[in-house]
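The values are calculated or read from the model by the stated rules, or taken from the named source; none is laboratory data. Quick caveat: nothing in here was measured; it's all calculated off a predicted structure. Please note: Cβ atoms are built from the backbone with ideal geometry, for glycine as well, and neighbour counts cover all protein chains shown. In case anyone asks, the SASA skips ligands and DNA or RNA and just uses the protein heavy atoms, side chains included. Shrake-Rupley method; radii C 1.70, N 1.55, O 1.52, S 1.80 Å.
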Amino acid sequence: MVSSKSNMYLGNILLIMLSILPLCLFSVKGWTSAILFIGSALAFALVFTNSSDKLLDRKQSTWIILIMLMFASPLMAAMLSSALRGEWDWSSFDSFSRFLLAIPIFYIVYRNHLKVVNQWQYLIPVSLIFTLLSTTFLPGYNGDENPFDHPRLAIFFVDPLTLGYLSLTLGVLSFFSINMYARDNWKTLLLKILGGMIGFYISFRTQSRTGWLAIPLILFLLLYTRGPKNRLLSTLAAIAISAVIATGIYLSSSTVQNRIHDAVVDLRVYKFNDLNSETSIGERISFARMGLYYFKLSPVRGWGLRGFQEHANDPELLEFASESTRASPARGSLFHSEITTNAVAHGIFGLAAMLLLFFLPVILCVRQWRKGVNPRLCAFGLAYLFCVIISGLSTEIFSLKFTASFHSVFLACLCAQLLAEEGSSADADSVRSHG
């Protein structure tokens, strides 16, 4: 049996490892994967120790099982569809296996009440400041000596789409972490505001619109949780102020104006009954239509990452998609949508896994908010999820190994802390009622 001192030592190391997850996200290649592997190994070792004498809350056991099933579902979906097709390709399992590795992390963060999000509220803005500083010595994604030498900011192992939506997400979370557990002093407040502004700046410099649609919704949520206690007044104020801020962002940035204008033009010229030119938004609409067609052809077994290409020249697709658009998914760009890509690759199993991964945590955040768990922590979780869900509509967010590692650890710690804080609140109420 491992001593309690060793348990505490391992628990502290795990807390440190998980806390520094965002720190070098964009500056050290392999950072998030190393955090996941080491964190999972430490958590697995702690699973078999008696570091906590408290039995798990039976009322929460259903949610614990559901969250574990959620983390296992992507790999299960890939394996089931692969078995039905009789093909085994490690590239179909690599990213998804990382969510499976997050299960012991989720369990230990919940059981041992590790306050990981409490540390992230400081390290997220620090990571964004460090990212901006690191661009002075990191090479660009397109081979540029300096990332700012290219019109679209990107770092050597992080493409513009990924850098754009992740920096936006972290910037949003930096703002949502303000006064999350207690009133921040002016230095901490300045750190979080600076981190949030840098996150938005990096996102706009990438010129990637991925995730931008979340901004009005995020602004409303942020203002609502900081508004008057009167719900109607808070809602009206949040709508009005978020509209003003969103308009201000648009008017103050020529990059935002140009990219939104391009998107509107792309939507206007897209034709549903004729061949389309290759525009950014237009191709994404065509990819979605192609994905639905492929899914209908094989809704159970799926096609894997390449099998659908045998139907790329079907008349139904020739009607609206160019040769380049039809060939693009099989070349590695996939369908520019996490849900569409997995529905095509792994059939109904992949679709169900993605819906679980995206929306079960949303349901958990709403449930915990209604049960009285720290509403600003719940809003922090919802802000992250809204950014991820909306970004996932226009790009694959789990296909890269480092992003799969990041999101698996982030979701594990977030869900665990949301459940653990409910348990803590229940314990405190029980003590008060019997005091």
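A few points about this structure:
- Dividing the convex hull volume of the alpha carbon atoms of the stretch 249-367 by its residue count gives 135 Å³ per residue.
- Descending principal axes extents, the chain, alpha-carbon based, whole Å: 73, 54, 48
- Computed from the Kirkwood radius of its Cα pairs, the Stokes-Einstein diffusion coefficient for the stretch 1-155 at 20 °C and 1.002 mPa s stands at 118 µm²/s.
- Distance between the pseudo-spin-label points of PHE44 and ALA327 (7 Å out from Cα toward the beta carbon): 4.3 nm.
- As a calculated quantity, the FRET efficiency between TYR9 and ASP94 at R0 = 25 Å, using C-beta atoms, amounts to about 0.20.
- A Förster radius of 25 Å, combined with the Cβ-Cβ distance separating LEU194 from THR255, puts the computed FRET efficiency at roughly 0.80.
- Counting protein heavy atoms only, the stretch 230-301 has 63 percent of its accessible area on carbon and sulfur, 1.4 angstrom probe.
- Extension gain for LEU400 to ARG268 (0.36 nm times residue separation, less C-alpha to C-alpha distance): 44.3 nm.
- Links that overshoot a 24 Å alpha carbon limit, given the list LYS187/LYS401; LYS115/LYS371; LYS192/LYS401; LYS59/LYS192: LYS187/LYS401; LYS192/LYS401; LYS59/LYS192
- Between the listed residues ILE260, LEU42, THR341, the Cα displaced farthest toward the positive end of the dipole of the chain, a dipole computed from Cβ unit charges relative to the Cα centre, is found at LEU42.
- About its Cα centre, the stretch 184-279 has a charge dipole of approximately 440 debye under the convention of +1 per Lys or Arg Cβ and -1 per Asp or Glu Cβ, with nothing else charged.
- Net lengthening on full extension, ASP159/ILE129 (0.36 nm per residue, minus Cα-Cα): 8.9 nm
- The residues of the stretch 277-383 expose on average 40 square angstrom of accessible surface per residue, using a 1.4 Å probe on protein heavy atoms.
- Percent accessible area from carbon and sulfur atoms, the stretch 126-180, protein chains only, probe 1.4 Å: 61 percent
- Spatially, the stretch 73-93 and the stretch 221-258 are offset by 44 Å when compared through their Cα centroids.
- Point-charge dipole on Cβ atoms (K/R +1, D/E -1) for the chain, about Cα centre, debye to 20: 1440 debye
- Solvent-accessible area per residue, Å², over the stretch 86-164 with all protein chains present [probe radius 1.4 Å]: 41 Å²
- Using the Cβ-Cβ distance between ARG183 and ASN313 with R0 set to 60 Å, the FRET efficiency from 1/(1 + (r/R0)^6) comes to roughly 0.45.
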